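I have placed the structure first, in the form of structure tokens, so that the comments after it can refer back to it.
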Amino acid sequence: MTDSASGRAGLVIVAFNRPGVLHQLTGVIARHNGDIHSVSIIDEVAPDTRVYFELDLPGSAQELAGDLAKLEVVRSADVVETLEKIYGKRIIIIGGGAQVGQVALGAIAEADRHNIRGEHISIDTIPLVGEETLAAAVRAVRRLPRVRALVLAGSLMGGDIETAVREVRSQGTLVISLNMAGSVPEACDLVVTDPVQAGVMAVMAVADTAKFSISRLRRRVF
């Protein structure tokens, strides 16, 4: 299936697990003028591997799948709905378990309100502790597809975590923090004291169906 609004298609390909397979797959996609947006290896169960492509395609996704299926290394090629269409924008919540849970409570409730009206927003959470672990998680957010906002939920964050926050913000990711001890709040776009409200505001900030805009706020701490 191709998203008619954007020309974006999803493809799941089952192929033999051997060197050079991706090269052959992308060669066929290039001949169809496909612009690969993301690619991931879903799983590997010998002797096969399942690969998911999300790409912008000017022509027929079914024709592309048919040509891919003709490759000797391919067992099957199926057109599927894109993850962009199904799961949409992602909000990542990282930090201490109790705070993460409360932020998620607000985010999920608010996302449900917007998704009913046609939005597609999903919420991902991971409870973590430790400066090194948290800093690595913040930087890794930029490697995740479809992420629009990061919420840091904890009681104390600073040091290299602050550096990581500034890095991901400079690359275009919105970062919201709870009002906590440490230097991280100083590096974020928005600081919210109440964790439930932080989750709500994160969703409102990325939803096309909301009129809320962080750039229009006169203050940054709530």
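Extending 7 Å from Cα along the Cβ direction at Asp208 and again at Arg75 yields two label points whose distance is 3.7 nm. Only helical runs count toward this figure. For the chain, summing -39,500 (n - 2.57) over DSSP H runs of n ≥ 4 and dividing by all residues gives -10500 deg cm²/dmol at 222 nm. A simple spin-label model places pseudo-atoms 7 Å from Cα toward Cβ; at Asp56 and Asp43 they are separated by 3.3 nm. Report Rg/Rh for region 145-222, rounded to two decimals, where Rg is the Cα radius of gyration and Rh the Kirkwood radius. Computed over Cα atoms, the ratio is 0.94.
Amide H contacts under 5 Å for Arg75: Val14, Ala15, Phe16, restricted to partners 5 or more places along the chain or on a different chain, H placed in the peptide plane at 1.01 Å from N. Using only side-chain charges placed at the Cβ, +1 for Lys and Arg and -1 for Asp and Glu, the dipole size of the chain relative to its Cα centre rounds to 600 debye. Per-residue packing, averaged as other Cβ atoms within 10 Å, sorts the ranges 194-201, 129-136 into the order 194-201, 129-136, beginning with the highest. Semi-axes of the equivalent ellipsoid of the chain are 38, 20, 14 Å, computed as sqrt(5λ) over the eigenvalues of the C-alpha gyration tensor in descending order.
Full extension of the segment from Phe16 to Arg117, taken as 0.36 nm per residue of separation minus the current Cα-Cα distance, would add 32.2 nm. Largest GNM mean-square fluctuation across Val103, Val12, Val45, computed for the chain with C-alpha springs under 10 Å, falls on Val45. Coordinate range of the alpha-carbon atoms in region 2-82 per principal axis, descending: 37, 21, 16 Å.
None of the figures in this text is laboratory data; all of them are computed from the coordinates on show. Note that the coordinates shown come from a computational prediction; the quantities given were computed from them, not determined experimentally. Cβ coordinates were reconstructed from backbone atoms using ideal geometry, including for glycine residues, and neighbour counts include every protein chain displayed.
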